[in-house]
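What follows is one structure encoded as structure tokens, with my remarks underneath.
The values are calculated or read from the model by the stated rules, or taken from the named source; none is laboratory data. Bear in mind the structure is a predicted one, so any value in this text is a computation, not a measurement. Cβ placement follows ideal geometry from the backbone for every residue including glycine, while neighbour counts extend to all protein chains displayed.
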Amino acid sequence: MTKKNKIIALYPGTFDPITNGHVSLVDRAAGLFDELVVAIARNSPKATLFTVEERFEMVSQVLAGRDNVRVVTFDDLLADYARKIGAAAIVRGLRAVSDFEYEFQMALMNRRLVHEIETVFLMPALSWVYLSSTIVKDVASNGGDITGLVPPVAAVMLERKFGR
């Protein structure tokens, strides 16, 4: 009898901050794969509120205790990093049709670069379809209530950033 190879998936993002939508996708993806690597992008075209070190600490605290989830940072090309860790799949979330075009282009480019790695799209629970890190930061920066949108650790870190 041969031993089954461990199937690793990579869930990349900026997680600036991590939201309950991200956590929902992590939990669902972790149930589909033997190991889920949540990879925080160091170099992103997005301007981030939190440093990569702060994002790593936030995400690590939020996802602590999930046996098959590992949090890392990366600064490689995504396809190269996926190959480096032996990932079989890249996990991406789709909230709305507007996400699809960008994600589809990225999936096709990643397939061109590393054809043996599949992109798997997961849709969030209906309660998180509207939620994004950008919206959370906007609400928080203007003093709005973000209770229930982000894990408590992220809420505290956002409050500190915005001086509350």
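Quick notes on this structure:
So that you can scan it fast, the table gives a plain yes or no per residue for (1) basic (Lys, Arg); (2) within 26 Å of Val129 (Cα to Cα); (3) modelled with pLDDT of 95 or more; (4) touching a helix residue (DSSP H, G or I) at 6+ places or on another chain (Cβ under 8 Å):
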site: Lys4; (1), (2), (3), (4): yes, no, no, no
site: Val26; (1), (2), (3), (4): no, yes, yes, yes
site: Ala39; (1), (2), (3), (4): no, yes, yes, yes
site: Ser44; (1), (2), (3), (4): no, yes, no, no
site: Arg55; (1), (2), (3), (4): yes, yes, yes, no
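- Residue that is farthest from Ala96 (Cα to Cα) [pool: residues in segment 136-151 that are touching a residue at least 12 places away in the same chain (Cβ under 8 Å) and loosely packed, with under 15 Cβ neighbours inside 10 Å]: Gly143
- Val62 being more than 13 Å from Leu36 (Cα to Cα) and of a type in the set (Val, Ile, Thr): yes
- Residue count, segment 95-122 (criterion: of a type outside the set (Lys, Arg), assigned to a loop (DSSP other than H, G, I, E, B) and under 19 Å from the mean Cα position of the chain (by Cα)): 2
- When Ala154, Ala82 are checked against the criterion of being more than 24 Å from Asn20 (Cβ to Cβ), within 15 Å of the chain's Cα centre (by Cα) and touching a residue at least 40 places away in the same chain (Cβ under 8 Å), a single residue qualifies: Ala82.
- Residues in segment 24-52 that are part of a helix (DSSP H, G or I) and buried (at least 20 other Cβ atoms within 10 Å of the Cβ): Leu25, Val26, Ala29, Ala30.
- Checked against (1) at pLDDT below 95; (2) closer than 24 Å to Pro152 by Cβ, Arg70 passes all but a single condition, namely (1).
- Members of segment 53-89 that are part of a helix (DSSP H, G or I) and of a type in the set (Phe, Trp, Tyr): Phe56, Tyr81
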